[in-house]
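All of the numbers you see were taken from the coordinates with simple rules; none came from a lab. Quick caveat, the model's predicted, so the values are computed rather than measured. In this analysis, Cβ positions are derived from the backbone assuming ideal geometry, glycine residues included, and neighbour counts consider all displayed protein chains.
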Amino acid sequence: MISSTHNISIAGYYFGFLKHLNSKSKLDLISKLSQSLKENETVQEISLQSLFGAYQSDETADEIIAELREARVFNRNIESL
């Protein structure tokens, strides 16, 4: 979790850039930030359990493991001393 002092410094950092904008640009920015907050409220979080079983394959686990091992590429060259 980000501490409140860290949030203030980030806000101050951005405000340093934005304080020189004209009023119309500032109002437009406020509108866009407000809209982004409204969009974030409607986003549902996906639980890890909802993803359980999402991958489907006709191959067995042993076949998948064997395929992964066969696909490994070793390009390590050991030089003689």
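Which of S25, S80 comes first, and how do the rest follow, when ranked by fewest Cβ neighbours within 10 Å?
Result, fewest neighbours first: S80, S25.
Determine, for L29, L51, the number of other Cβ atoms within 10 Å of each Cβ, and report the residues in order from fewest to most.
With the sparsest Cβ surroundings first, the list reads L51, L29.
Got a sec? How would D62, D28 order by Cβ neighbour count within 10 Å, fewest to most?
By the 10 Å Cβ count, ascending: D62, D28.
For the range 21-81, what is Rg from Cα atoms divided by 2.2 N^0.38 Å, rounded to two decimals?
2.46
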